[in-house]
Amino acid sequence: MKSVKNNARWIWADVVSLIVIATIIIIVLFCYPAQYKHYSDAVTDMMSGWQTKEGALLSLDNLPKGDCTLKYSVAGLDFVNKRLCMRSSDTFLRVYADGVLTYVYEPEQLRVIGDSYGIYIHMILIPPGTKEITLKLHPIFPDISPYLKNAAIEDAGMFIGDVFATGLPGFCICMLMIIYGLLMLYMGITSKQPGENGTLNFLSLGTFSALVGLWSANDTCILQVLTQCPEIIKLLTYVCLIFIAYLPVSFIASATNQNNTKLLPVLMVLITVNFVLTFVLTYLDISDLHYMLRLSHVIIVIAMIMTIYLICRAAVRKTVEKDFIMRIVIGLCAAIIGVSTDLLRYKINHNSITSASVFTRIGVLVFIAMVGVHLIKERNKLAVEKGQAELMAKMAYTDGLTELHNRAAFHEKEHTIRNERIPCIIVQLDINNLKTVNDVYGHAEGDRHIITAANIIRDSFENIGTCYRTGGDEFIVVVDRGEIPQTEMAIGQMQRSTDAYNETKHPHVSLQIAYGYAAYTPQGDQLEVAEQLADQRMYEKKRKMKESK
């Protein structure tokens, strides 16, 4: 019955996860169009109406490759509290107002970063009374066209607000992916058994989710606005894209018990070579991150093929549950479709700076939701099983009456002492007159007598050793964190606690605990000899206690 309830709970978890994902998709695709702008009388759209030197009309959406000079008549337009606002991608920009150079954006970057600066937000001050604006555009790479987007004359604050309104839904999804990834990493790192496949699953899935979140946050433009370092954000996306390919393959290999596959080292070599070549060739000015991105795309495709192969092999060998295979297949199909769609969109128009990773976000969200719920479910299941195993082990080695360690636990301790040759002191203890208590006052009173003695023994020796109940009225303490003086101090504490109990509680039969101890040194002694000597001394103490009564 309990298993049925647990299955129902996780089915509901799956349903809720899918509903959340569907809601996010609806919000991204329908509620927040990629190009959202508050057009009004206060905004002058500048995307179309530009003229070349030859007088041909052009739109900034469709510029030819190579350098380009464009002019726009702004006579009569009001520039008070307004600026020429736009976004650019990998395009050097010079702005002239009536032939006077007003604005230059040609950033110089570290050679290792390459030439690409990614996406930059421009808010250009145009002098009042300007009649004509001239743009001189120079694409950084000859194989692309100059790219400008959202060009308009408007209030700078409104423009930034539009940037945030456009990018915020996607940025929130990216942050959710990063947070989810960090949660998975935390669950993997805090696992008490780091060698388990489950730990590797959480680490791979968490890192994958975080890297995809960082990579896809680039095209929301929010990080560029917040940091004012577009080149660093662009570099971060390149690095993320280089290493993303390894993680899903690593996750699938681990989750399907195929960690020994040769595909992983092959893929790691490819990624390492890609990383080294990318930055070495960029630094030597032989190539650029922009061109090396194609190699990353090829490796991602190879990783997809490897992932599909591992899933198919696991399904044929039946090394994992069908339910998990189904989740992986559904999630992976969604991720592959998303990544493939964005790669195709990039190939068709790789200058685009609008939602370059929107389908990847959606696909990866489906993947991590489908797989993540299963991993959490399995982790909780293992935690319950581990707790039950620990409870069974505790019950097997714990005395039910006193909650001290029992005889079986003591035998385990003896085995450890012999094998590891651990010096210690053996203290044998015995309760006097327990038979009298049981016979005259009943076994319930006898149990209270035993429990009281056990508590006193434990409280007296807990800082220097481990206490065991080895028989009805017999106890043993193994002192392995002290010497003879500490042992005698503990015995003195035990006697004082016993006297205090007798004086305050006035039991029917006074509590007396006989004791004897002997040291064990592995260099020349045998543990049995020390135990026998401690036992002899305990009985001698018992005899003396009875004689003095």
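Here, each number is a calculation from the coordinates, and none is a lab measurement. All values reported here derive from a predicted model rather than from experimental measurement. Please note: Cβ atoms are built from the backbone with ideal geometry, for glycine as well, and neighbour counts cover all protein chains shown.
Exactly which GluC sites (Glu not before Pro) in segment 88-156 are in a DSSP loop and have at most 10 other Cβ atoms within 10 Å? Present the calculation step by step, with values, prior to reporting the outcome.
Numbers: sites: Glu108, Glu132, Glu154; in loops: Glu108.
Those that pass, being in a loop and sparsely packed, are Glu108.
Take the Cα of Glu403, step 7 Å toward its Cβ, do the same at Glu462, and the gap between the two points is 0.9 nm. Note on Arg481 and Glu540: the model spin-label points, each 7 Å out from Cα along the C-beta direction, lie 3.0 nm apart. The length gained by stretching the chain between Leu344 and Lys435 to full extension, at 0.36 nm per residue less their Cα-Cα distance, is 24.0 nm. If R0 equals 25 Å, the separation of the Cβ atoms of Ser48 and Thr227 corresponds to a calculated FRET efficiency of about 0.20.
As a length-normalised measure over Cα pairs under 8 Å and 6 or more apart, the relative contact order of segment 407-547 settles at 33 percent. Take the Cα of Val320, step 7 Å toward its Cβ, do the same at Thr272, and the gap between the two points is 2.6 nm. Geometric descriptor of segment 44-154, per residue, is 96 Å³ (volume of the convex hull of the Cα atoms). For the pair Glu132 and Lys262, the difference between a 0.36 nm per residue extended length and the Cα-Cα distance amounts to 40.4 nm.
Charges only on Cβ, +1 for Lys and Arg, -1 for Asp and Glu: so what's the dipole of segment 465-549 about the Cα centre, in debye to the nearest 20?
On the way: 11 positive and 13 negative charges, 87 e Å.
Magnitude of the dipole: close to 420 debye.
Could you line up Thr360, Thr341, Thr436 from fewest to most neighbouring Cβ atoms inside 10 Å? Please report the intermediate quantities before stating the final value.
Values: Thr360 21, Thr341 16, Thr436 13.
Result, fewest neighbours first: Thr436, Thr341, Thr360.
Judged by the mean number of other Cβ atoms found within 10 Å, the most tightly packed of the peptides 408-415, 330-337 leads the ranking 330-337, 408-415. Packing, taken as the mean count of other beta carbons within 10 Å per residue, orders the peptides 69-78, 254-263, 314-323, 202-211 from highest to lowest as 202-211, 254-263, 69-78, 314-323.
About the Cα centre, and with charges only on the beta carbon of Lys, Arg (+1) and Asp, Glu (-1), how big is the dipole of segment 44-154? Nearest 20 debye, please.
Approximately 100 debye in magnitude.
Take each peptide in 235-243, 478-486, count the other Cβ atoms within 10 Å of every residue, and average; sorted highest first, the result is 235-243, 478-486. Relative contact order for segment 44-154: 43 percent, from Cα pairs under 8 Å spaced at least 6 residues apart, divided by residue count.
Relative to the current alpha-carbon distance between Lys505 and Leu281, full extension at 0.36 nm per residue lengthens the span by 72.0 nm. Any of Lys505/Lys541; Lys71/Lys136; Lys71/Lys149; Lys82/Lys131 with alpha carbons more than 18 Å apart? Name them for me. Beyond 18 Å between Cα atoms: Lys505/Lys541. What does the C-alpha gyration tensor say about the overall shape of segment 407-547? Classify as rounded when a/c is under 1.5, otherwise prolate if a/b is larger than b/c, or oblate. Prolate, since a/c reaches 1.5 and a/b exceeds b/c.
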